[in-house]
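Each remark here refers to the structure printed beneath this line.
The values are calculated or read from the model by the stated rules, or taken from the named source; none is laboratory data. Note that this is a predicted model, so its numbers are computed, not measured. Here Cβ is always computed from backbone atoms with ideal geometry, including for glycine, and neighbour counts include all displayed protein chains. Only protein heavy atoms, including side chains, enter the accessible area calculation; ligands, DNA and RNA are left aside. Shrake-Rupley method; radii C 1.70, N 1.55, O 1.52, S 1.80 Å.
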Amino acid sequence: MRQNYDFDKEVCRRNTNSLKWEAGENELPMWVADMDFQTAPEILSAIRKRAEHGVFGYTVIPDAWYEAYSRWWKTRHGLNIWKEWLVFCTGVVPAISSIVRKLTTPAEKVLVQPPVYNIFYNSIINNGRQVLESPLCYDGRSYQIDFHDLEKKLSDPQTTLMILCNPHNPVGRIWDRQELEKIGELCRKYHVRVISDEIHCDLTAPGCSYTPFASVSEKCRSNSITCLAPTKAFNLAGLQTAAVVVPDENLRHKVWRGLNTDEVGEPNAFAVEGAIAAFTKGDGWLDALREYVFENKRLAERFIQKEIPFIQAVPSQATYLLWLDCRGLAVPAKQAAELIRAKTGLYLSSGGQYGSGGEGFLRMNVACPRHIMEEGLQRLKRGVFLLRENML
């Protein structure tokens, strides 16, 4: 019997050292990508049990952790992951930064496909490498890969690494098998390694599934590192728990050396228990969450189409993030975000930080109780109309 989960319950996150909710008294933060829902009760139970033990010494990785990842990806995503392929790390971003340092040299180029997760840029620039953009193409309804441009950029001898976002944040695209296969072919042809960030893979729309990059072909599998975690899907970012999957033995040794050199390969006392509980007991909660989140998305899309004709919600297949096309406002998104926040308290992310092509967009996090979602939409409407009045 399916359990009922209460996603309408509001959890006060103020005064809890929450990054997201470090906001003014009357502000409504809908920006950074964490959810306002408590995690699955099965995970809370596992963490409470671990906390009640009362001793929080050094932690090792048990077989149950490897089995949990392997079973989850086999069952839900059709990917066989062998135990030896898996390496623990404290987060996807630390893993990406470590891999950039280990697999590239200073001044080499790392390719990204903007508009894309802004922290990719930090991982590249902070390590003294060059960002190389191959922007996605937007036709007013959906995003596509410009394969002509991608091949041109990959063929540059200075390009040695590509960071793929699958599914893509912030545009919400799930790349299909043919697209991924073509990326894999090009990267192998030009000797470019691939980091596939698949942290949003479990947040697909009901009825939609994603294709793991490593499952597409031998060329994709042997030339890639896949970053996985329960943190986005189960709202566990603060536990600092993730994994990298590296099928190729020689490449895996390099990645393992990098993670351990950077000291991001050891779990805290709750990281293992949280991940095991998520991937062995969290499937019912996750399926209910996906239904709820995508109903929030549908609500937002209908509201914006009817009530805010100056902007458009880009249709998406994944993530709990709404990518808003605000180019019709004829002002930079950064200015729009600042005015909306100043006038209504609604705190959104401006699209320019996600690289080329994001300048006219805003990103909105819809992973919240429905009444908060509705309040956010009303504030968005008020802010957009005030912005329009100032322009006229």
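Put simply, when 35-45, 355-365, 9-19, 99-109 are sorted by average Cβ atoms within 10 angstrom per residue, most first, you get 355-365, 35-45, 99-109, 9-19.
Placing unit charges on each Cβ (+1 for Lys and Arg, -1 for Asp and Glu) gives region 22-103 a dipole about its Cα centre, and among 35, 69, 57 the Cα reaching farthest toward its positive end belongs to 69. Residue ranges 369-377, 233-241 sort as 233-241, 369-377 when ordered by packing (mean number of other C-beta atoms within 10 Å per residue, highest first). Most simply put, the chain has about 50% antiparallel DSSP beta bridges, counting only bridges with both residues inside it.
Can you bin region 111-268 into rounded, prolate or oblate? Criterion: square roots of the alpha carbon gyration tensor eigenvalues sorted a ≥ b ≥ c, rounded for a/c under 1.5, prolate for a/b above b/c, oblate for the rest. Judged from the Cα gyration tensor, region 111-268 comes out rounded (a/c under 1.5). Taking the average, over residues, of other Cβ atoms within 10 Å as the packing measure, peptides 158-165, 302-309 rank 158-165, 302-309 from highest down. Note on region 344-362 and region 97-157: Cα centroid distance 19 Å, given to the nearest whole angstrom. Phi angles across region 251-266 convert, under the Karplus curve 6.51 cos²θ - 1.76 cosθ + 1.60 with θ = phi - 60°, into 3J(HN,Hα) values of 5, 4, 4, 4, 5, 4, 4, x, 4, 6, 4, 7, 6, 10, x, 10 Hz, Gly and Pro given as x. In this structure, the amide hydrogen of residue 361, modeled 1.01 Å from its nitrogen in the peptide plane, lies closer than 5 angstrom to those of 326, 333, 351, 352, counting only residues at least 5 positions away or on a different chain.
In this structure, the amide hydrogen of residue 28, modeled 1.01 Å from its nitrogen in the peptide plane, lies closer than 5 angstrom to those of 346, 347, counting only residues at least 5 positions away or on a different chain. Sorted largest first by accessible area at a 1.4 angstrom probe radius, with every protein chain in place, the residues 58, 190, 354 fall in the order 58, 190, 354. Anisotropy class assigned to the chain is oblate, per the alpha carbon gyration tensor with a/c at or over the 1.5 cut-off and a/b no larger than b/c. Once the mean of 1/r is taken over each pair of separate Cα atoms and inverted, region 336-392 shows a Kirkwood hydrodynamic radius of 11.9 Å.
Using θ = phi - 60° in the Karplus curve 6.51 cos²θ - 1.76 cosθ + 1.60, the 3J(HN,Hα) couplings for region 286-298 round to 5, 5, 5, 4, 4, 4, 5, 5, 6, 5, 4, 4, 5 Hz; x is entered for Gly and Pro. On full extension, the segment bounded by residue 64 and residue 148 gains 25.8 nm, given 0.36 nm per residue less the C-alpha separation. Only protein heavy atoms count here; on that basis, with a 1.4 Å probe, residue 142 has an accessible area of about 40 Å².
The ratio of the alpha-carbon radius of gyration of region 205-251 to the globular-protein estimate 2.2 N^0.38 Å is 1.39.
Take the alpha carbon gyration tensor of region 1-100, find the square roots of its eigenvalues, order them as a ≥ b ≥ c, and report rounded if a/c is under 1.5; if not, report prolate when a/b exceeds b/c, else oblate. Taking the square roots of the gyration eigenvalues as a ≥ b ≥ c, region 1-100 is prolate. Overall, region 224-369 carries a charge dipole of about 480 debye about its Cα centre when +1 sits on the Cβ of Lys and Arg and -1 on the Cβ of Asp and Glu, all other atoms neutral.
Computed in the context of the full set of protein chains, the accessible area of the chain at 1.4 Å probe radius has 49% of its extent on carbon or sulfur. The relative contact order of the chain, computed from alpha carbon pairs under 8 Å that lie at least 6 residues apart in sequence, is 24 percent.
Rounded to the nearest 20 debye, what is the charge dipole size of region 188-247 about its Cα centre when +1 sits on each Lys and Arg Cβ and -1 on each Asp and Glu Cβ? With only Lys, Arg, Asp and Glu charged at Cβ, the dipole is about 300 debye. Our coupling estimate for region 345-355, obtained by passing each phi through the Karplus curve with A = 6.51, B = -1.76, C = 1.60 and θ = phi - 60°, is x, 6, 10, 10, 8, 7, x, x, 5, 8, x Hz, Gly and Pro reported as x.
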